[in-house]
Amino acid sequence: MKLYAERGFDETTVAEIAREAGLTERTFFRHFADKREVLFSGAAHLQELMVGAVRNAPADAPPMDAVAAGVEAAATVLQDRNYSRMRQALIAKSPILQERELIKMASLAAAFADALRQRGVREPGASVTAEAGIAVFRISFERWVLGADQRDFLGLILETFEELKLSVSRR
């Protein structure tokens, strides 16, 4: 992050990252496919945690509540606002990183929909609910990272889900 913040993503080389970390380039490539993956290395763990929470929601939980449990689980991992701000600023400046972020969100939405189908939710309900949950996640994360106030991520997730419920119930 230090190198990316100082030099920018595009200008930072794998050799510089490896040197800064006290590694050889060969060791770097044992752990990461490329320099993008440094910023996305926790994505698989985060997805497992979130999808696991959807799967483990109470059997009688409505689909949106199961998805809410998955989104809320992210707040247990994403707690370092300063790191998240720096990471998001890098992503905002790089089309390559934006594409990778979109792929990550699409993968998470597909995994949520699959978990909902396993819970017996039919289509298109599973996909619509999964996508709504991802929208809540993205909007809450953006508010947390870019917001001037110091509210925590979980609080923003809960507030955003309430806004979604209110907007759906209004006629």
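The values are calculated or read from the model by the stated rules, or taken from the named source; none is laboratory data. Please read these numbers as outputs of a predicted model, since none were measured by experiment. Neighbour counts are summed over all protein chains in view; Cβ atoms, including those assigned to glycine, are modelled from backbone coordinates with ideal geometry.
Among the residues of this structure, Met64 does not count as one that is of a type in the set (A, V, I, L, M), under 25 Å from Ala33 (Cα atoms) and touching a Phe, Trp or Tyr at 6+ places or on another chain (Cβ under 9 Å). Residues in the range 80-134 that are charged (D, E, K, R) and outside any helix (DSSP H, G or I) were compared, and the one that is modelled with the lowest pLDDT is Asp80. Sort out which residues of the range 16-59 are outside any helix (DSSP H, G or I) and of a type in the set (Lys, Arg), and write them in order of number. Passing the criteria: only Lys35.
Counting only residues that are farther than 22 Å from Gln79 by Cα and surrounded by 15 or more Cβ atoms within 10 Å (Cβ to Cβ), the range 120-155 holds 8 of them. One residue stands out among those in the range 74-88 that are surrounded by 15 or more Cβ atoms within 10 Å (Cβ to Cβ) and among the aliphatic types (A, V, I, L, M): the one that is farthest from Ile139 (Cα to Cα), which is Met86. Considered as a group, the residues in the range 156-166 that are more than 22 Å from Asn82 (Cβ to Cβ) and either hydrophobic (A, V, I, L, M, F, W, C) or not assigned by TED's automatic domain parsing to the domain that holds Val77 (or both) include one that is surrounded by the fewest Cβ atoms within 10 Å (Cβ to Cβ), and that residue is Leu166.
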